[in-house]
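The values are calculated or read from the model by the stated rules, or taken from the named source; none is laboratory data. Just so it is clear, the structure is predicted and the values come from calculations on it, not from any experiment. Ideal geometry is used to build each Cβ from the backbone, glycine not excepted, and the neighbour counts take in all protein chains shown.
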Amino acid sequence: MGLSLPVRLGAHVRGAFEVRGDPPPRLACLQDSSGQFGEVGAYAAPVAGNRRYAVGLSQAVEVREDGSLVDPGALASLAERASAYVKEALPGLDPDPLEPRHCWVTELPWSSDGVAVWELDGIFFVAGHNLFKQAPGLGRALARAALGEGLPSELRPQAKLGQRGGAQSDA
């Protein structure tokens, strides 16, 4: 349609690591920026049923416009580093991942957590990273816009939703 969105693409990997022994009824999420275990940006979240944890590092690798990886070995290296982190920091998990999951990282220029909606000829284009986390609110706003109620101003690109230190609240 001739619209160019200012999205920077990257690729990311995380692994699913088996919980040793019987799964507990509740597991916590983890954000580790301490560097204590060799990584300054690790995260983990339990997978449904608590038998596995999804563990990844916050880094992404560069991707070309055609979707190919600039350095395919870098993605494999991230997976290996995540396994090494699990082995060192999370002894309750088997350090050999069962399911590596490759994901796209889509960042807007004003923030790695930025979200915006562009509109052209009555068609809405949503861009940003981790959009699934915003799915309920985005879905309602886009449905109202599609029904002619207009797009909320905070979702328009000029609002720079997600920009730290801007008019948007972190709450």
- Go through segment 53-108 and give me each residue that's among the β-branched types (Val, Ile, Thr) and either within 15 Å of the chain's Cα centre (by Cα) or assigned to a loop (DSSP other than H, G, I, E, B) (or both). 55, 61, 70, 105, 106
- Report, by residue number, each residue of segment 117-145 that is in a strand (DSSP E or B) and either farther than 25 Å from residue 56 by Cβ or polar (S, T, N, Q) (or both). 117, 118, 119, 120, 123, 124, 125
- Note on the structure: Selection over segment 90-104 where residues are under 30 Å from residue 164 (Cα atoms) and either of a type in the set (Phe, Trp, Tyr) or surrounded by 19 or more Cβ atoms within 10 Å (Cβ to Cβ) (or both) yields a count of 1
- Please verify whether segment 2-20 includes one or more residues that are surrounded by 11 or more Cβ atoms within 10 Å (Cβ to Cβ), of a type in the set (Val, Ile, Thr), free of Cβ contacts under 8 Å to residues at least 24 places away in the same chain and under 28 Å from residue 107 (Cα atoms). no
- Message: Going by what's in this entry, would residue 83 be described as of a type in the set (Ser, Thr, Tyr) and at pLDDT 90 or above?
- Response: yes
- Count of segment 18-52 residues which are assigned to a loop (DSSP other than H, G, I, E, B) and closer than 13 Å to residue 85 by Cβ: 9
- Task: Among residues belonging to segment 146-160 that are part of a helix (DSSP H, G or I) and in contact (Cβ under 8 Å) with a residue 40 or more places away in the chain, point out the one that is surrounded by the most Cβ atoms within 10 Å (Cβ to Cβ).
- Result: 155
